[in-house]
Amino acid sequence: MLKFFNGIFTYIHNLSTGEEVLSDRRKFTYIFWSFALIHVASAVFFVLLGNTKFVVINVLAIFLYFGLLSLAKKKHYLMVSLIAEIEVLVAIALISFSYGSMLGYSLYCFAMIPTIFYITSTVKEMKHPTVYCFVFSFISMLTFFTIIVSEPFFTIPQILTDRPVLTLVIRLFNAAVSFIFTIIFSLLFSWEMKSNNSQLLRRNQQLVEVARKDPLTKLANRRSMMERLNLSMHHLQLDNHPFSVILCDIDHFKKVNDKYGHDCGDKVLVTVANLITSQLRDTDFVCRWGGEEILIVIDGRLQTAAAIAERMRGNIEAEEIMHEGERVAVTMTFGVAQAEKNYRIEDLIQLADTRLYYGKEHGRNQVVSTDKKD
């Protein structure tokens, strides 16, 4: 039993935090079971009041909701909503026109409004929810005021004055249920909107990640790097804050693909990306520039960037990358350049690329941070 209640409390907590939502089918199941239980209580009340006609009406309503549950399982949500709303309003009108407002059934006119707003706003199959809510709310309001205006012309049954305690109990029950319905469905609506906002935020974050990251290596892409380079150049020109770039390229990468296949090539790229990322500080930035090229922004001067590049080079060379039981030898060549105020971003990258190309032409697996002549 304790486990059952713990499960209920956990589920309610997840609903309140937006981690879970009620399925459309479960929503109607809970609502129709609630309506059926209210009719059970009403049938008992009318047995005590000696009104056989209303006992039969409430029993028939109970069977109606069992039928509506079957229709809800087939996703006929609009149909079952209309039938349930008509049933509730007809029941309110019949009882109120017979007993006046003394039993409190007219209060359900208010309680039904947040219920229908919740259903129409959260059930996906509902079309034109705003119109639907407005029309039903107007009909509920009209029913309530009709009961109030017509009450002076009602003949109040003698049994209500003869049994004041029972009358009070019925009125308190209906008032309590009306308040509970209003509170619960207002909370559910709030939680559902919170859940929808959370899902939307997660989807937006995923889209941003897809737009800004390389899907294979999980590094930033070229677009993100250009934003960072522009920002770094702005700080250099404004605050004289130095930064450098490292452009690196995997040596003989085509041979790796040709010999071991593209799956191995992908594995090499991911491993290299992880090794490079592990060597960077929070203030540095790395992206997959294109193919097997990786571009890094280092927060600092040329000497700092060259030292970081040398450390990366050594780690990559020493890394054991295995493919089908065979070690794949991987090395990288690095070109390093420091930004100057008079540089364009294209000039800076071109300088790093020139030094990278020099390293490629003169043995590979090295860091080139100064201009060299043959």
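Quick notes
- Tensor-based shape of segment 196-319 (alpha-carbon gyration tensor, a/c under 1.5 rounded, otherwise prolate or oblate): oblate
- Ranked order, THR271, THR182, THR52 - accessible area, probe 1.4 Å, largest first: THR52, THR182, THR271
- The magnitude of the dipole of segment 152-257, with charges of +1 and -1 set on the Cβ of Lys/Arg and Asp/Glu and taken from the Cα centre, is near 260 debye.
- A protection proxy built from the mean count of other Cβ atoms within 10 Å ranks the segments 130-141, 150-161, 32-43, most packed first, as 32-43, 130-141, 150-161.
- Kirkwood radius and radius of gyration were both taken over the C-alpha atoms of segment 272-374, and their ratio Rg/Rh is 0.98.
- Over 19 Å apart at the Cα level, from the set LYS218/LYS255; LYS27/LYS53; LYS27/LYS194; LYS218/LYS259; LYS213/LYS341; LYS75/LYS194, are LYS218/LYS255; LYS27/LYS53; LYS218/LYS259; LYS213/LYS341; LYS75/LYS194.
- Taking the C-alpha atoms only, the angle from helix 77-99 to the longest principal axis of the chain is near 30 degrees.
- Using the Cβ of SER186 as centre and a radius below 15 Å, the other residues enclosed give a net charge of +1, where K and R count +1 and D and E count -1.
- Reachable aspartates and glutamates, given that their alpha-carbon falls under 17 Å from the alpha-carbon of LYS267 and they are not under 8 places away in the same chain: ASP214, ASP249, ASP251, ASP258, GLU292, GLU293, GLU317, GLU319, GLU320, GLU324, GLU326
- Helix 262-278 axis, angle to the chain major axis (alpha carbon atoms, nearest 10°): 90 degrees
- About the Cα centre, charge dipole magnitude for the chain (Lys/Arg +1, Asp/Glu -1 at Cβ), debye: 1020 debye
- Over the chain, dividing the summed -39,500 (n - 2.57) contributions of all DSSP H runs of at least 4 residues by the number of residues returns a 222 nm mean residue ellipticity of -23500 deg cm²/dmol.
- Estimated inter-spin distance, ARG203 and ARG163, nm [label 7 Å along Cα→Cβ]: 5.4 nm
The values are calculated or read from the model by the stated rules, or taken from the named source; none is laboratory data. In this text, all values refer to a predicted model and were calculated from it rather than measured experimentally. For neighbour counting, all protein chains shown are included, and Cβ atoms are generated from backbone atoms with ideal geometry for every residue, glycine included. What goes into the accessible areas is simple: the full protein's heavy atoms, side chains included, and nothing from ligands, DNA or RNA. Shrake-Rupley method; radii C 1.70, N 1.55, O 1.52, S 1.80 Å.
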